[in-house]
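Take a look at the structure set out below.
The values are calculated or read from the model by the stated rules, or taken from the named source; none is laboratory data. These numbers were taken from a predicted model, which means no experiment stands behind them. All Cβ positions, even for glycine, are placed from backbone atoms using ideal geometry, and neighbour counts span all protein chains on display.
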Amino acid sequence: MLGFAIPALYTLFAWWFCTGAILFLVRRPKARHGLMLLVASFFFAAALWIISATREDVSAFGAYAGFTCSIAIWGWQEMAFLMGFITGTSHEACPAGAVGGTRFVRATQSIIYHELALFATLAALFALTWHSPNQSALWTFVVLWIMRLSAKLNLFLGVRNRSEDLLPDHLRHLETFFSKKPVNPLFPVSIALSLGAAVIGWSEVIARGASTVDSMRLNFICTMLSLAILEHLLMVVPWNPSRVWSWATRARPVFLASASMPATEPSAIELRR
């Protein structure tokens, strides 16, 4: 049982901590964002190198390395978006009265560069790891990409909790593309398909046994998928999901408070996971 629990708990911690760390960094003064993203870019490059170096590694180390590096690469993409470096061709709010295809096109224009960057990264991971025995990084990123795209579409179509309070000021225009509804027609489809994939995946994890590396790699992916399903469910329940990362989204963390550091603006989002 412990063999199943350890990779799952590691994934849970990585999801919770890394998301909070990104929210925390995005809330720092905007003048520091360029330096922070530059530092993160070194980790991005190192992660790609490690993924390439461990693509033939079928040990537990290779599985953990691939998964962790994929999370680091995803984190860089989120930072670049939330800090406003890679967003879209439009930075304007949704025009009054825009509906249907017009509204969708304007929403897409607001995030198109980010979407292209994610797709380019996915293509790079395919090129690095395809036909290699260790594809932890690739399939972790695939799950994050698909479920994030689903989350964005559901935010656009309408959910109860839009988490617009997590948007930084320079992305406030995005909330005008979110719809507020108890649920939308896509939501049950998203849940049904992802839940079905999770059930199949977890069945395979159990069938392979906790002691195998293949099971461990699949455990990472299935746990991440399960967390993405949870994030979807939090969109429609009468509870603010932002509380999960309240430690990272306070206006002025006590341990960094000083006269030289002014309180920053409300936090950031990723449209999750």
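Given (1) free of Cβ contacts under 8 Å to residues at least 40 places away in the same chain; (2) loosely packed, with under 12 Cβ neighbours inside 10 Å, identify the lone condition not met by N184. Evaluating N184 over (1) free of Cβ contacts under 8 Å to residues at least 40 places away in the same chain; (2) loosely packed, with under 12 Cβ neighbours inside 10 Å leaves (2) as the failure.
For L37, the stated conditions do not hold, so it cannot be described as surrounded by 16 or more Cβ atoms within 10 Å (Cβ to Cβ), under 30 Å from H173 (Cβ atoms) and touching an Asp or Glu at 6+ places or on another chain (Cβ under 8 Å).
For the stretch 157-176, the tally of residues that are modelled with pLDDT under 90 and hydroxyl-bearing (S, T, Y) stands at 1. Scoring S226 on the criteria (1) modelled with pLDDT under 95; (2) assigned to a helix (DSSP H, G or I) leaves a single failure, condition (1). Among the residues of the stretch 158-172, those that are within 22 Å of T89 (Cβ to Cβ) and of a type in the set (D, E, K, R) comprise E164, D169, R172.
Cβ-Cβ distance below 9 Å, separation of 6 or more or different chains: which pairs start in the stretch 83-103 with a residue that is on the phi > 0 side of the Ramachandran plot and of a type outside the set (D, E) and end on one that is surrounded by fewer than 16 Cβ atoms within 10 Å (Cβ to Cβ) and assigned to a loop (DSSP other than H, G, I, E, B)? Listed pairs, sorted by first residue: G84/H91. I'd like the full set of residues that are buried (at least 23 other Cβ atoms within 10 Å of the Cβ), farther than 15 Å from L48 by Cβ and not hydrophobic (A, V, I, L, M, F, W, C), limited to the stretch 129-152. Result: S150, single match. Right, L48: touching a residue at least 40 places away in the same chain (Cβ under 8 Å), out of contact with any Lys or Arg (no Cβ under 9 Å at 6 or more places or on another chain) and surrounded by 14 or more Cβ atoms within 10 Å (Cβ to Cβ) or not? Criteria met by L48. Of the residues I86, I73, I111, only one is buried (at least 16 other Cβ atoms within 10 Å of the Cβ), at pLDDT 95 or above and either closer than 23 Å to A14 by Cα or more than 17 Å from the chain's Cα centre (by Cα) (or both); which? None of the other options fit; the residue is I73. Filtered by the rule that a residue be part of a helix (DSSP H, G or I) and at pLDDT below 90, the stretch 200-219 gives a lone residue, R208. In the stretch 131-147, the residues that are more than 14 Å from Y64 (Cβ to Cβ) and in contact (Cβ under 8 Å) with a residue 60 or more places away in the chain form Cβ pairs under 7 Å with partners that are in a helix (DSSP H, G or I) and of a type in the set (G, A, S), at six or more places apart or across chains, as follows: F141/S70; V143/A228; M147/S194; M147/A228. You will find that of E175, E204, the residue that is under 30 Å from L48 (Cα atoms), in contact with a helix residue (DSSP H, G or I) (Cβ under 7 Å, 6 or more places away or on another chain) and free of Cβ contacts under 8 Å to residues at least 24 places away in the same chain is E204 and no other.
Evaluate the following for H91: is it of a type outside the set (A, V, I, L, M), under 30 Å from I51 (Cα atoms) and part of a loop (DSSP other than H, G, I, E, B)? It is false that H91 is of a type outside the set (A, V, I, L, M), under 30 Å from I51 (Cα atoms) and part of a loop (DSSP other than H, G, I, E, B). Once the stretch 56-70 is narrowed to residues that are over 22 Å from R148 (Cβ atoms) and of a type in the set (G, A, S), the residue that is surrounded by the fewest Cβ atoms within 10 Å (Cβ to Cβ) is S59.
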